[in-house]
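Remarks on the structure that follows.
The values are calculated or read from the model by the stated rules, or taken from the named source; none is laboratory data. Since the model is a prediction, treat every value here as computed from it, not as a measurement. A quick note on method: Cβ atoms are made from the backbone with ideal geometry, for glycine too, and the neighbour counts reach across all protein chains shown.
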Amino acid sequence: MKWRSMMRKFRLLFLVIILLLTVASSVHGETEELIIGDIVVKGLTRTDPQLVLKHLPVGIDDQWSAETEALIVQTLFGTNIFDPFSIAISTEAMTGNKVRVIIQVEDAGYFMLHPYIYVFYLVGDLTESQFTQRIINPWGNGVSFSVGVNWKADDFANDAPGPWQSVGFDFLGANGSIYTYEFRNFEEHKKFNQRSFELNGQRHKLFMRHFINPNLTMGYTLTYQNAAYLEEGTLSEQKYVIAALRTDLADLRINLGHGFALEDGADYSYGSFNYAKSLAVAEDKVVYSLKGGLATDHTPLNFQFLAGGYNSIPLRGHEYELAGNAYLVNNLEYRKQLPVSDLYGLVCVDLGKVAERASDFTKADFMLDAGLGLGYDTPMGMFRLEVGFDLLNGGNTWEFRFVL
């Protein structure tokens, strides 16, 4: 009797499993993936809609999802020829599982993406004794031009050295690609690791950026630099071709590069990474980043990793005057939502070290800094007003900046 009772239970369990599998199969059928059946571009008055369709990294018969929509928005935003506040995506049902994707986007002005953005950048330029202007897509074919001039005096300035003059252009390619060229005639007067040096020369830079999906963007750079290098009264000629590869994953950026010396000097190689993660805590945010890099020991000073202050390797209690061939920096930031919309109070801690030579990295001292500030979030990035403190040796710095 017990055996028969167990068999009945097994049969009942078997029927329940079959029923659940049937329901799951039915639900799966109802959530059949959507396919792009058509893409329509609306709102353009200067740019040919076919240029947009060619530039998008997705097309008809590709899968439609929230990830695909994010990729289209990211791609359009990255073109820098459309008003970023005008971009909107919607869909219409077609036959079967197909949808029509409707892209609403407006051309930017000839000289500005948007008046607010233009004013922000103009103010930033003028505070650095420079002026840059981009002529945006004047013929509607995706080609834009840029010019710039910096009239800063010859005093040493690590953040924005000058004077310089530049010209360049950029254009949209197919499948999420953007190509950029810039020529710059420049002077630089810098001081890192208590070593002052001056550069005077020209730089040609070619760059290609390729959006592959929302979690993967590739960047390829080829630079030719020919400059006179002066340090402690010794003048030398620097001629370098520098090839670099940048990979942007979801939370990780990896940079690899190699400099080929064409005159006296040494070849050098480098690699760096930047891992960043943001976590929402109610209306607040916690942002963590870990950055590190390693370069060959004979890397010229002006091509080494540059750290300190509020730059790409931030140590906010130290001035932007640290250089080295190896670094590791941790940054932790808490953003407290204030009563005003998009306004945050900022508290951050930086811990890291920078070594002039990779072999001396373990011997280098750690630096521990902290910072306080205010940040205002915008669709283009965050405006930040900060003050930084060196927690081990005293001293402080402050900065007002706009971060994309």
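For a quick check of your reading: which strands (runs of 3 or more DSSP E) sit entirely within the range 254-372 and have at least 2 residues that are outside the structural domain of Ser196 (by TED's automatic domain parsing) and of a type in the set (Val, Ile, Thr)?
284-295, 343-355
Return yes when Asn158 is within 30 Å of Leu216 (Cα to Cα), touching a residue at least 60 places away in the same chain (Cβ under 8 Å) and assigned to a loop (DSSP other than H, G, I, E, B) and no when it is not. Step through it out loud before you land on a result.
Values: within 30 Å of Leu216 (Cα to Cα): no; touching a residue at least 60 places away in the same chain (Cβ under 8 Å): yes; assigned to a loop (DSSP other than H, G, I, E, B): yes.
So Asn158 fails the test.
Which ones in the range 116-130 are in contact with a helix residue (DSSP H, G or I) (Cβ under 9 Å, 6 or more places away or on another chain) and exposed (fewer than 14 other Cβ atoms within 10 Å of the Cβ)?
Tyr116
Taking only the range 253-268 into account, find how many residues are under 29 Å from Gly78 (Cα atoms) and either small (Gly, Ala, Ser) or loosely packed, with under 13 Cβ neighbours inside 10 Å (or both). Give the steps one after another, and end with the answer.
We begin by selecting, within the range 253-268, every residue under 29 Å from Gly78 (Cα atoms); these are 253-259.
Among the residues that remain, those that are also either small (Gly, Ala, Ser) or loosely packed, with under 13 Cβ neighbours inside 10 Å (or both) are: 257, 259.
So the answer is 2.
Would you be able to say whether some residue in the range 97-105 is of a type in the set (S, T, N, Q), out of contact with any Lys or Arg (no Cβ under 6 Å at 6 or more places or on another chain) and farther than 17 Å from Gly140 by Cα? Reasoning before the result, please.
Initially, the range 97-105 is screened for residues of a type in the set (S, T, N, Q), giving 97, 104.
After this cut, where a residue has to be out of contact with any Lys or Arg (no Cβ under 6 Å at 6 or more places or on another chain) as well, the list is 97.
With farther than 17 Å from Gly140 by Cα added as a condition, the list becomes 97.
So far as the range 97-105 goes, yes, one or more of its residues are of a type in the set (S, T, N, Q), out of contact with any Lys or Arg (no Cβ under 6 Å at 6 or more places or on another chain) and farther than 17 Å from Gly140 by Cα.
If I ask for residues that are over 29 Å from the mean Cα position of the chain (by Cα) and farther than 18 Å from Gly176 by Cβ, which ones from the range 41-69 would you list?
Thr45
Taking the range 74-88 only, how many residues are in a helix (DSSP H, G or I) and more than 17 Å from the chain's Cα centre (by Cα)?
Step one: list which residues in the range 74-88 are in a helix (DSSP H, G or I), which gives 74-79, 84-86.
Remaining after also requiring more than 17 Å from the chain's Cα centre (by Cα): 85-86.
Within the range 74-88, residues that are in a helix (DSSP H, G or I) and more than 17 Å from the chain's Cα centre (by Cα) number 2.
Can you tell me which of Asn97, Asn150, Asn137, Asn141 is within 29 Å of Pro314 (Cα to Cα) and either not assigned by TED's automatic domain parsing to the domain that holds Tyr310 or not small (Gly, Ala, Ser) (or both)?
Values: Asn97 fails: within 29 Å of Pro314 (Cα to Cα); Asn137 fails: within 29 Å of Pro314 (Cα to Cα); Asn141 fails: within 29 Å of Pro314 (Cα to Cα).
Result of the check over Asn97, Asn150, Asn137, Asn141: Asn150.
With more than 27 Å from Pro214 (Cα to Cα) and either among the charged types (D, E, K, R) or not in a loop (DSSP other than H, G, I, E, B) (or both) as the only criterion, which of Leu71, Leu126 stands out? Reasoning before the result, please.
On the way: Leu71 fails: more than 27 Å from Pro214 (Cα to Cα).
It is Leu126.
Mind telling me which of the residues Val27, Val16 ends up being more than 19 Å from Val105 (Cα to Cα), at pLDDT below 75 and surrounded by 10 or more Cβ atoms within 10 Å (Cβ to Cβ)? Write out each step before concluding.
Values: Val27 fails: surrounded by 10 or more Cβ atoms within 10 Å (Cβ to Cβ).
Only one candidate passes the filter, namely Val16.
Out of all the residues in the range 173-182, is one or more in contact with a helix residue (DSSP H, G or I) (Cβ under 9 Å, 6 or more places away or on another chain), free of Cβ contacts under 8 Å to residues at least 60 places away in the same chain and of a type in the set (A, V, I, L, M)?
no
Being surrounded by fewer than 15 Cβ atoms within 10 Å (Cβ to Cβ) and among the small types (Gly, Ala, Ser) narrows it down to one of Ala250, Ala295, so name that one.
Values: Ala295 fails: surrounded by fewer than 15 Cβ atoms within 10 Å (Cβ to Cβ).
Matching residue, one of Ala250, Ala295: Ala250.
So Asp159 passes all but one of these: (1) surrounded by 17 or more Cβ atoms within 10 Å (Cβ to Cβ); (2) more than 25 Å from Trp139 (Cα to Cα); (3) acidic (Asp, Glu). Which condition number does it fail?
(1)
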